[in-house]
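The block underneath contains the structure these notes are about, expressed in C-alpha cells.
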Amino acid sequence: MTDTEDIIQRERNFLLQTYSRYPLVLQRGKGVFLYDLEGKKYLDFVAGLGVNALGHAHPRIVKAIREQAAKVIHLSNLYYNEYQGKLAEKLCSLSGLQRVFFSNSGTEAIEGSIKLARLAGHRAGGNAKSQLVALEGSYHGRTFGSMSLTGQDKYRKGFEPLLEDVTFVPRDDVGALRAAVNENTCAIVLEPIFGEGGIHECSTEFLQQCRALADQHHAALIFDEIQCGLGRSGNIFAFQTFGVTPDIVAIAKPIAAGLPLGAFLAKAEFASAISAGQHGTTFGGGPLACRVALEYLAILEEEKLLENVARVGGYLQQELKALVGKYAAAQEVRGRGLIQGLQLDIPARPIVEQALAEGVLFNSTQDTVVRFLPPFLLEEKHVDKGVRVLKKLLGKKRRKTDQAA
Ligand SMILES: *Cc1c(COP(=O)(O)O)cnc(C)c1O
C-alpha cells in the first residue's frame, strides 16, 4: 500500500464518514501552490474554501505564529490579552460598526449574531419579537441555529425540529420580503453574495429594501460575510460594494490566515442589548489567532491585495466569460473579485476530479457550478493555467452559428 492509500484507508476506518474527499493527501504549500505526498504540484483555486487568502506559508504569517506560540497560545477570556482589543478596534474602523465578539468559526459567528438579535428584539418588542427572515438557497452553517437559517433541504433533513420562527423568501423577491417582515421580526439574515449556494449576488435594490424594512420594524439586518467578506469581493466588506450597511456582520474564513477564528460585528444600538454572562467561548479571541488576524489585515494593506483581487478577478471573469461563448456546457459566469462561479449545464464534480490530474484544484458546488475562491495572491498567469485546463475538460465547443448568437 502506498502512503496515500494508507492514509485514506485509516480515515475510512476511523472517521465519521461525513466528507466525500478527493483521493489526494496534501502535505505542504507555498503561495498559490499545494503539494501532495509524492511532491506533485497543484495550482490552488480553492484556498481551503476561501480561508487561505494569503496562500500557503506566507512568511509574515509563519513568523507571527512562531513568535506568538513561543510566548502564549491560549489564555482564557477571564483575562485580557494584548491582541483581542486591537483586532476589534481595527475591524470596527474598517467596517464602521462599533463592537465585536470573537468566535472560533463561521457558524458560531452566526449563532452569536442571532442570539444578539433576539435579545435586541425582545428588548424592543417583547418576547413575540423573535422571528427570523432568511433566504432560500442560503448557507449559514451546521449548528442548530445556523442550520435553521439555511434555506436548503439537504442540510436540514433528518435534524428536525429546528428553530421555529424562520421564514424563507427567494433572493431578490421584494414582494415576498415585504410579506415576510413584520413587527415581530427580530432579524433579516442574508449573504450579500451567496457562496455555497452557487455564487449569486443579491441585487442592490433588494438589499436596500432589506435595510428599509429592518429600519421600519426595528429588526437587525444581519449580513453573513463569512465567505464573501474580508477582501474577496475586492472591498474589505462586500456590503461596501453594494452601499448597504448591516447592523450585524458575521465574518470568519480568511481572518486568521488558516487558524480558526470568527467574529460578529454589531452597531452600538444592538450591541447594548447583551450583558456580562449572556454569551462566551473558551477559545474565541485567543492571543495567537488575534495576533495572526492583525497580521493578515496588515498584509492586505501593505501588499495592496485588494487591488490585486479586483484586477485579477476582473481578468478571471473576462476569461471565464470567453468560455461561455465557446463551450456548449458553459452557461454563465457570476460573482466578482475572487469569488466567482462558472455555471455549467453538466455535473461539475467530474470536471473538478479530472482537473486534479492536470495539477489544478477547483471546487464544485450546487452540482453544476465550478466555484473559484483562490488566494488573493493569484496572478494573471495562474488564471491562464486554470482556464487552459477548463478548456481541455469542458468538451464540446459551440457550433460556429451558436457562437455568433
Ligand atoms: C463557511 C460558511 C459558514 C460556516 O462557517 P464555518 O466556519 O464552517 O462554521 C457560514 N456562512 C457562510 C456564507 C459560509 O461560507
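The values are calculated or read from the model by the stated rules, or taken from the named source; none is laboratory data. Being a predicted model, the structure only gives us computed values, none of them experimental. Glycine also receives a Cβ, built like all others from the backbone with ideal geometry; neighbour counts cover every protein chain displayed. In case anyone asks, the SASA skips ligands and DNA or RNA and just uses the protein heavy atoms, side chains included. Shrake-Rupley method; radii C 1.70, N 1.55, O 1.52, S 1.80 Å.
A few remarks follow.
- Complete set of residues in segment 200-236 that are acidic (D, E) and either out of contact with any helix residue (DSSP H, G or I) (no Cβ under 9 Å at 6 or more places or on another chain) or away from the ligand (no atom under 16 Å from the Cβ) (or both): E205, D215
- Test set (1) open to solvent by 40 Å² or more (accessible area, probe 1.4 Å); (2) in contact with a strand residue (DSSP E or B) (Cβ under 9 Å, 6 or more places away or on another chain); (3) in contact (Cβ under 8 Å) with a residue 12 or more places away in the chain - G151 fails condition number: (1)
- Here the condition is being more than 17 Å from L259 (Cβ to Cβ), out of contact with any strand residue (DSSP E or B) (no Cβ under 8 Å at 6 or more places or on another chain) and more than 16 Å from the ligand (Cβ to nearest atom); of E89, E82, E67, it holds for E89 alone.
- Scanning segment 277-318 for residues that are open to solvent by 10 Å² or more (accessible area, probe 1.4 Å) and of a type in the set (S, T, Y) returns T281, T282, Y315.
- The criterion of at least 3 residues that are open to solvent by 70 Å² or more (accessible area, probe 1.4 Å) and assigned by TED's automatic domain parsing to the domain that holds E358 is met, among strands (runs of 3 or more DSSP E) falling completely within segment 19-86, by 26-30.
- Residue in segment 189-198 that is within 16 Å of the ligand (Cβ to nearest atom) and either touching a Lys or Arg at 6+ places or on another chain (Cβ under 6 Å) or at positive phi (or both) present: yes
- Filtering G55, G39 for residues that are under 21 Å from the mean Cα position of the chain (by Cα) and more than 16 Å from the ligand (Cβ to nearest atom) leaves a single hit, G55.
- The residues on offer are R171, R232, and the sole one that is surrounded by 23 or more Cβ atoms within 10 Å (Cβ to Cβ), farther than 21 Å from R99 by Cα and within 21 Å of the chain's Cα centre (by Cα) is R232.
- Qualifying residue in segment 92-100 (condition: within 16 Å of the ligand (Cβ to nearest atom) and in the same structural domain as G284 (by TED's automatic domain parsing)): no
- The one condition from (1) surrounded by fewer than 19 Cβ atoms within 10 Å (Cβ to Cβ); (2) away from the ligand (no atom under 12 Å from the Cβ) that G137 does not meet is (2).
- Only one of L213, L261, L230 that is in contact (Cβ under 8 Å) with a residue 40 or more places away in the chain and over 25 Å from V369 (Cβ atoms): L261
- Residue in segment 245-258 that is most open to solvent (accessible area, probe 1.4 Å), counting only those that are more than 12 Å from the ligand (Cβ to nearest atom) and in a strand (DSSP E or B): A257
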